[in-house]
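Written below as structure tokens is the structure these notes are about.
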Amino acid sequence: MTEQTPAEKLIEVAKAEDAKRVREVGGMNRGPDVEKYQKTVGLSPGSPWCAAFVAYCVKEAKGLVVAPLWCSGSAITQWHRGTRKMLPEGYTTPEKADYQSKVRPGMIWVRAKDADGAKSARRGTWLQGHTGIVVAVDEDGFHTVEGNTNGAGSREGDGVYSKLHKWSYSTDILRTVGWFDPEYVGRLTPKV
């Protein structure tokens, strides 16, 4: 048996959480599993938790005691901390013509509320967003497991869900800040 890659481990953890059908219990952004995710990044119960879900999955996949420093309770903060000075092969955005060929399972996906917000976030602005873990990619789009969403894809939902984001669904793609590989975080662009 071959050892799992970091991406495979991350996908396995995310899918296991999805299989539990985690739902909020006892109020908005509350419940035993939700609060377990929130605690991973120091959020108090009742806080939005999509990025905390990603942080929890990364921590568990890597077997860490605490989540990596780039992990945050904020999707956009995760993007900025994760991609800062990263090698170009570690991330992609919809602004790149070949972005579809660069998105792969195990990447972290980050979305803003709208297209202007996504452009602004890529330039360094902090704003509200949403995030999830890419678990598969095919000709239709990229499949994710996301926390704090719902069947309609809200960024303020009620549980952990599997989602398909179609390449052809331009609104979703335009709101995408980008995708990054957590294994590239901390790999700095070499000085020339």
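A compact table of results
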read-out: Those lysines that a straight Cα-Cα span of less than 24 Å connects to Lys163, excepting residues fewer than 8 apart in one chain; value: Lys9, Lys15, Lys20, Lys36, Lys59, Lys62, Lys96, Lys102, Lys113, Lys119
read-out: √(5λ) per eigenvalue of the Cα gyration tensor, region 1-108, largest first, Å; value: 25, 17, 14
read-out: Heavy atoms of Thr171: accessible area, 1.4 Å probe, square angstrom to 10; value: 70 Å²
read-out: Region 45-125, Cα convex hull volume normalised per residue, Å³; value: 112 Å³
read-out: Rg to Rh quotient for the chain, alpha carbon positions, Kirkwood Rh; value: 0.94
read-out: Over the chain: helical MRE at 222 nm, DSSP H runs n ≥ 4 each giving -39500 (n - 2.57), nearest 500; value: -9500 deg cm²/dmol
read-out: In nm, spacing of pseudo-spin labels at Thr125 and Arg81 (7 Å Cα→C-beta vector); value: 2.2 nm
read-out: Rounded to the nearest 20 debye, dipole of region 21-82 from Cβ charges on Lys, Arg, Asp, Glu; value: 60 debye
read-out: Label-to-label distance, nm, for residues given as Asn150 and Glu95 (7 Å Cα→Cβ offset); value: 3.3 nm
read-out: Surface per residue (accessible, 1.4 Å probe) for the chain, Å²; value: 49 Å²
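The values are calculated or read from the model by the stated rules, or taken from the named source; none is laboratory data. Bear in mind that the values here come from a model prediction, so they are computed numbers and not experimental data. Here Cβ is always computed from backbone atoms with ideal geometry, including for glycine, and neighbour counts include all displayed protein chains. SASA here: full protein model, heavy atoms, side chains in, ligands and nucleic acids out. Shrake-Rupley method; radii C 1.70, N 1.55, O 1.52, S 1.80 Å.
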